[in-house]
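Beneath this line is the structure, given in structure tokens, with notes to follow.
The values are calculated or read from the model by the stated rules, or taken from the named source; none is laboratory data. Quick caveat, the model's predicted, so the values are computed rather than measured. When we count neighbours, we look across all protein chains shown, and the Cβ atoms used for this are built from the backbone with ideal geometry, even at glycine.
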Amino acid sequence: MIHVKNVKILSTAGEQGAAKVLKKGFSFECSPVNLLVGDQGCGKSTLLRMLQKNSKDLKLDLAEHVIRDSVQSYYFDSEKDNPRVKNPELYTTMSGQDVGIGVGGAIASRFKSHGEIMQWMVINPLTTAENCVVLLDEPESGLSLTNQFRLIKEISAAVERGCQFFIATHCYPLIEAYDVVSLEHWKTMKGADFIKLAREKRYDRQEKDSSD
């Protein structure tokens, strides 16, 4: 389901650091799964935060049912929202269900791997998510390749239940599976085309380094 139909950057003045990385006037048509991709420092997380805040520096073209039904959103930053560093009681809900892990869970998380925590906080809530906007910042962080493919499966299933995703990511399987919004090239493209360009860019750097 499409909750946000179009995103346009009206200004880069309001969000800290946005002026250095985001392109005023850039817009893109939204799909059920929107991957924000590009090299480090190109503005993926910045744009995601602006979406999460419904920033006045963005113009969001919303579907009618969003305004009518006040569709819920869920935001998760794999770095800042890790329960090892954040009070678990501060977590929000997804589709009306508490996705916080509780004080006991926070203690137990000290004995689990980063990937296990990411399963707990990202993949598991998606199994019941419905009719909401989900914003994820590098949800693949710490996940094994098997669980990255499981993440894709759960995203696809959640889309069937009315969820729309905006994801800042470097995840190869995710990028390969969907179209992407490249903040390096300022356009929407096939994930496979973005991977090809990234590979060519890497080879160009290697050749330049070897010539130097």
- Note on the structure: Within the stretch 63-95, restricting to residues that are buried (at least 17 other Cβ atoms within 10 Å of the Cβ) and of a type in the set (A, V, I, L, M, F, W, C), the one that is modelled with the lowest pLDDT is MET94
- Only one residue in GLU138, GLU184 is modelled with pLDDT under 95, within 14 Å of the chain's Cα centre (by Cα) and under 13 Å from VAL37 (Cβ atoms). Which one? GLU138
- Message: I need the full set of residues from the stretch 113-170 which are out of contact with any strand residue (DSSP E or B) (no Cβ under 7 Å at 6 or more places or on another chain), over 21 Å from GLU79 (Cβ atoms) and not in a helix (DSSP H, G or I), in order please.
- Response: THR127, GLU130, ASN131, ARG161, GLY162
- Note on the structure: The correct count of residues that are crowded, with 19+ Cβ neighbours inside 10 Å and within 19 Å of ILE2 (Cβ to Cβ) in the stretch 127-144 is 6
- Task: State yes or no: is ILE175 touching a strand residue (DSSP E or B) at 6+ places or on another chain (Cβ under 8 Å), hydrophobic (A, V, I, L, M, F, W, C) and closer than 18 Å to ASN124 by Cβ?
- Result: no
- Within the stretch 96-112, the residues that are assigned to a helix (DSSP H, G or I) and either modelled with pLDDT of 65 or more or within 17 Å of the chain's Cα centre (by Cα) (or both) are PHE111
- Considering only residues that are polar (S, T, N, Q) and over 17 Å from PHE76 (Cβ atoms), look in the stretch 11-53 and name the one that is surrounded by the most Cβ atoms within 10 Å (Cβ to Cβ). THR12
- Leading residue by the ranking (nearest to ILE67 (Cα to Cα)) among those in the stretch 146-159 that are free of Cβ contacts under 8 Å to residues at least 60 places away in the same chain and touching a helix residue (DSSP H, G or I) at 6+ places or on another chain (Cβ under 7 Å): ALA158
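Each row is one residue, and each column tells you yes or no for (1) modelled with pLDDT under 95; (2) over 15 Å from VAL181 (Cα atoms).
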{"site": "MET1", "(1), (2)": "yes, yes"}
{"site": "VAL7", "(1), (2)": "no, no"}
{"site": "SER11", "(1), (2)": "yes, yes"}
{"site": "GLY25", "(1), (2)": "no, no"}
{"site": "PHE28", "(1), (2)": "no, no"}
{"site": "SER45", "(1), (2)": "yes, no"}
{"site": "MET50", "(1), (2)": "yes, yes"}
{"site": "ASN54", "(1), (2)": "yes, yes"}
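Considering only the stretch 1-51, state which residues are outside any strand (DSSP E or B), among the polar types (S, T, N, Q) and closer than 18 Å to ILE155 by Cβ.
Of the residues in the stretch 1-51, the ones outside any strand (DSSP E or B) are 1-3, 10-26, 30-32, 38-51.
Adding the requirement that they be among the polar types (S, T, N, Q) leaves 11-12, 16, 31, 40, 45-46.
Of everything in the stretch 1-51, just one residue is outside any strand (DSSP E or B), among the polar types (S, T, N, Q) and closer than 18 Å to ILE155 by Cβ, namely SER31.
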- Would you confirm whether any residue within the stretch 145-160 is surrounded by 19 or more Cβ atoms within 10 Å (Cβ to Cβ), at pLDDT 75 or above and aromatic (Phe, Trp, Tyr)? no
- Item | Pair list, Cβ < 8 Å and 6+ apart or interchain, from the stretch 171-184 residues that are in contact (Cβ under 8 Å) with a residue 60 or more places away in the chain and over 11 Å from ILE155 (Cβ atoms) to residues that are assigned to a loop (DSSP other than H, G, I, E, B) and of a type in the set (A, V, I, L, M) | LEU183/LEU22
